[in-house]
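One structure is given here, and the rest of the page talks about it.
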Amino acid sequence: MTKSELITNIASHLSHLTNIDTTLPVQNILDNMTIAMVNDDRIEIRGFGSFSVIVRPPRTARNPKTGKKVDVAAKHVPHFKPGLELKKRVL
């Protein structure tokens, strides 16, 4: 599901709102989640899951084409862990 499909789906369930009316709150939620993760905050949505940022340490990797060693810098990556209710519903 894309963001525009999500907005359309929410607007169809709430007949008094249009897609334009629904766009701002959805965008606001996503922006706030992004800001929280940039600030290394953890986001937990009960029944759905949690979002956090994981720091991957620097390492030495190999170029698969040449076989030479390559230094890879440390990086921050987003991580999602599904909640129990979401896991049960997907199974």
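Report the dimensions of the chain along its three principal axes from the alpha-carbon atoms, largest first, rounded to Å.
The Cα atoms of the chain stretch 61, 30, 28 Å along the principal axes, largest first.
Highest GNM mean-square fluctuation, the chain, Cα pairs closer than 10 Å: which of 20, 35, 43?
Result: 20 has the largest fluctuation of those listed.
Using Cα-Cα distances under 8 Å and only pairs 6 or more residues apart, what relative contact order does the chain have, in percent?
Values: 99 pairs, mean separation 19.1, N = 91.
Answer for the chain is 21 percent.
Tell me what the chain gives for mean residue ellipticity at 222 nm when only DSSP H runs of n ≥ 4 count, each as -39,500 (n - 2.57), the sum divided by the residue total, rounded to 500 deg cm²/dmol.
For the chain, the value works out to -13000 deg cm²/dmol.
Determine which lysines satisfy two conditions relative to residue 3: a Cα distance under 21 Å, and not lying fewer than 8 residues away in the same chain.
81
So what are the ³J(HN,Hα) numbers for segment 69-82, from phi and the Karplus equation (6.51, -1.76, 1.60; θ = phi - 60°), rounded to whole Hz, Gly and Pro as x?
Ordered by residue, 3J(HN,Hα) equals 6, 10, 7, 10, 6, 5, 8, 9, 10, x, 9, 10, 10, x Hz.
What's the extension gain from residue 55 to residue 86 if we count 0.36 nm per residue and subtract their Cα-Cα distance? Write out the running numbers ahead of the final one.
On the way: separation 31, 0.36 × 31 = 11.16 nm, distance 2.54 nm.
That pair, residue 55 and residue 86, stretches by 8.6 nm at full extension.
Along segment 21-36, what does the Karplus equation 6.51 cos²θ - 1.76 cosθ + 1.60 (θ = phi - 60°) give for ³J(HN,Hα), rounded to whole Hz, x for Gly and Pro?
5, 8, 4, 4, x, 5, 5, 4, 4, 5, 5, 5, 5, 5, 4, 4
Counting other beta carbons within 10 Å of each Cβ, put 2, 22, 8 in order, fewest first. Walk me through the numbers on the way to the answer.
Details: 2 7, 22 19, 8 15.
Going from least to most buried by this count: 2, 8, 22.
Any read-out appearing in this document is the output of simple, stated calculations on the displayed coordinates, not a laboratory observation. Predicted model, so just to flag it, every value in this text is computed and none were measured. Cβ atoms come from the backbone with ideal geometry, glycine included; neighbour counts cover every protein chain shown.
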